[in-house]
1. Could you tell me which chymotrypsin sites (Phe, Trp or Tyr not before Pro) in the stretch 1-52 are loop residues by DSSP with no more than 13 other beta carbons within 10 angstrom of their beta carbon?
2. Round to the nearest 0.05 the FRET efficiency obtained for residue 45 and residue 102 when R0 = 30 Å and r is the Cβ-Cβ distance.
3. Ranking request for peptides 8-20, 49-61: highest mean number of other beta-carbon atoms within 10 Å first, then the rest in descending order.
4. Excluding ligands, DNA and RNA, what is the solvent-accessible area per residue of the chain at a probe of 1.4 Å, expressed in Å²?
5. Please find the FRET efficiency linking residue 3 to residue 67, where r is the Cβ-Cβ separation and R0 is fixed at 22 Å, and quote it to the nearest 0.05.
6. May I ask you to evaluate 6.51 cos²θ - 1.76 cosθ + 1.60, the Karplus curve with θ = phi - 60°, for each residue of the stretch 89-105 and list the ³J(HN,Hα) values in order in whole Hz, giving x for glycine and proline?
7. Hey, in the GNM for the chain with a 10 angstrom Cα cutoff, which one of 27, 72, 109 fluctuates hardest?
8. Taking θ = phi - 60°, what integer Hz values does the Karplus form 6.51 cos²θ - 1.76 cosθ + 1.60 yield along the stretch 62-74, in sequence order, with x for Gly and Pro?
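The values are calculated or read from the model by the stated rules, or taken from the named source; none is laboratory data. Since the structure is predicted, the reported quantities are computational estimates derived from the model, not experimental observations. We place every Cβ from the backbone using ideal geometry, glycine too, and count neighbours over all the protein chains shown. The area values use the complete protein model at the heavy-atom level, side chains included, leaving out ligands, DNA and RNA. Shrake-Rupley method; radii C 1.70, N 1.55, O 1.52, S 1.80 Å.
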Amino acid sequence: QVQLVESGGGLVQAGGSLRLSCAASGRFFSRYAMGWFRQAPGVEREFVAAITWSTATPYYADSVKGRFSISRDYAKNTVYLQMNSLKPEDTAVYYCAGVLSSNRDLRGREYDYWGQGTQVTVSS
């Protein structure tokens with residue numbers, strides 16, 4: 001009954017910015033955190049960023065620190081990923097994910113819910 005829908009992807013030139021959104025619907029009342037992952041062709045899905053729902057504590061992959069910013073909106077049940085200074089290496093399908101248990105490693109892939117993904121392409 002929980003659905004995550006990503007939006008905001010597209011084509012952007014290197015150095016540009018995009019903001020991804022992930023809207024959650026359904027009975028998702030006890031979430032612990034929301035995260036963003038990405039997957040490029042021939043590469044395994046990798047952690048990008050995560051944020052705890054109650055305290056908004058952020059976590060980032062080293063590759064995006066200082067460039068990406070994750071945030072959440074309680075009223076809209078939405079998590080955002082602001083991506084600045086984009087590089088061609090950031091090109092991937094970006095997935096939104098949610099986890100219920102506080103015992104999970106937020107940098108791991110054992111999340112409870114996953115969206116369908118949104119394509120981000122950064123041209124050089």
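1. Answer in residue order: 29.
2. Result of the calculation: an efficiency of 0.85.
3. Result, highest mean Cβ count within 10 Å first: 49-61, 8-20.
4. For the chain, the per-residue accessible area is 52 Å².
5. Plugging the Cβ-Cβ distance into 1/(1 + (r/R0)^6) gives 0.15.
6. Residue by residue, the stretch 89-105 yields 5, 7, 4, 4, 8, 9, 10, 8, 9, x, 10, 8, 8, 7, 8, 7, 7 Hz.
7. Highest fluctuation of the listed residues: 27.
8. 4, 5, 10, 4, x, 10, 9, 9, 9, 8, 9, 10, 4
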